[in-house]
Amino acid sequence: MITLSEEEKRVLFQLESCNPYGARNELIVLCRYCRDRNKRETAENLLKKLHSISEEDCKRLICDIQQNYHLPWKARTIGEMLAVARQKSGAAKLEGHDIMALERFDPDVRHMIEFEVLSADSTMGYAGDHTRLFLTEEGYRKALENQEKQFIAIKMHANVSCGRLEYDNKNLPVSRFAELEP
């Protein structure tokens, strides 16, 4: 396993994504657009370290930092505050779309699903991932086909209309982010 500096841990802690591909993309953007030379160098070094380990080790490392890291001071930036709030909520992080993703408000989007990826053969993510997606009719049809093939297991479904969610089963647990819904 690799050794990370305190600064590298802080950067990983604030990333939105918990999968290797998404985390690397966030770091690439940080490297490209960050004006702070030290942060940019930290992100570049972290990117090199993440590329040097396997996908599984990378995912494990990112999840561990995001769940267990504690800032050595009170959260000062928006990124730090969001990361601390996510960590305190204790809710499992979902891959895919955020509950307030722009996809939710696309007029063609009719479905929101939360699902678990069951198979390494799935094209919808890595085995073990818990994912939320906002889908068109065609996308939802493909998700149902993936469920029939036992690549995924849909845990929750809602119809989407103008960004509003109408869950199929009122007895299902309320979304972890219900307070954010319009």
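The values are calculated or read from the model by the stated rules, or taken from the named source; none is laboratory data. What you see is a predicted model, and the numbers here were worked out from it, not measured in a lab. Note that each Cβ is placed from the backbone with ideal geometry, even for glycine, and that neighbours are counted across all protein chains shown. Side chains are part of the model used for accessible areas, which takes the heavy atoms of the whole protein and leaves out ligands, DNA and RNA. Shrake-Rupley method; radii C 1.70, N 1.55, O 1.52, S 1.80 Å.
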Quote the FRET efficiency, to the nearest 0.05, computed for C63 versus D36 with a Förster distance R0 of 22 Å and r equal to the Cβ-Cβ distance. 0.25
Of N19, N38, N159, which is the most mobile in a GNM of the chain whose springs link Cα atoms less than 10 angstrom apart? N38
Which angle between 0 and 90 degrees, to the nearest 10, do you get for helix 137-148 versus the longest principal axis of the chain when only C-alpha atoms count? 90
Cβ-derived FRET efficiency at R0 30 Å, E16 paired with S52, nearest 0.05: 0.85
At what distance in nm do the modelled label points of R141 and M156 sit from each other, each positioned 7 Å from its Cα along Cα→Cβ? 2.7
Given K39/K59; K9/K88; K59/K142; K88/K142, the pairs whose alpha carbons are separated by over 24 Å: K59/K142; K88/K142
If you average 1/r over all unlike Cα pairs in the chain and invert the result, what Kirkwood radius do you get in angstrom? 17.9
Report, to the nearest 10°, how far helix 78-89 tilts away from the longest principal axis of the Cα atoms in the chain, using its own Cα long axis and a range of 0 to 90°. 60
Filtering trypsin sites (Lys or Arg not before Pro) in the stretch 72-162 by DSSP loop and by at most 13 other Cβ atoms within 10 Å leaves K74, R76, K149
Accessible area of the stretch 1-75 belonging to carbon and sulfur atoms, whole % at 1.4 Å probe: 49
Using 1/(1 + (r/R0)^6) with R0 = 30 angstrom and r between the beta carbons of D108 and I78, what's the FRET efficiency to the nearest 0.05? 0.45
Once neighbouring chains are kept in place and the probe is 1.4 Å, which whole percent of the accessible area of the stretch 100-162 is contributed by carbon and sulfur? 52
Quick one: Karplus J couplings for the stretch 113-124, per residue in order, coefficients 6.51, -1.76, 1.60, θ = phi - 60°, nearest Hz, x for Gly and Pro? 10, 10, 8, 10, 7, 9, 10, 5, 7, 6, 8, 9
Can you sort E145, E8, E116 by 1.4 Å-probe accessible area, starting with the largest? E145, E116, E8
Accessible solvent surface per residue of the stretch 36-99, calculated while the other protein chains remain in place, 1.4 angstrom probe, Å²: 62
Might you report the magnitude of the Cβ-based charge dipole of the stretch 9-51 about its Cα centre, with Lys and Arg at +1 and Asp and Glu at -1, to the nearest 20 debye? 160
Heavy-atom accessible area of V11, protein chains in place, probe 1.4 angstrom, given in Å² to nearest 10, is 20
Could you state the per residue volume, in Å³, of the convex hull enclosing the Cα atoms of the stretch 66-134? 108
Please arrange F115, F151 by accessible surface area, largest first, computed with a 1.4 Å probe and ligands excluded. F151, F115
Tilt of helix 55-68 relative to the longest C-alpha principal axis of the chain, in degrees (0 to 90, nearest 10)? 80
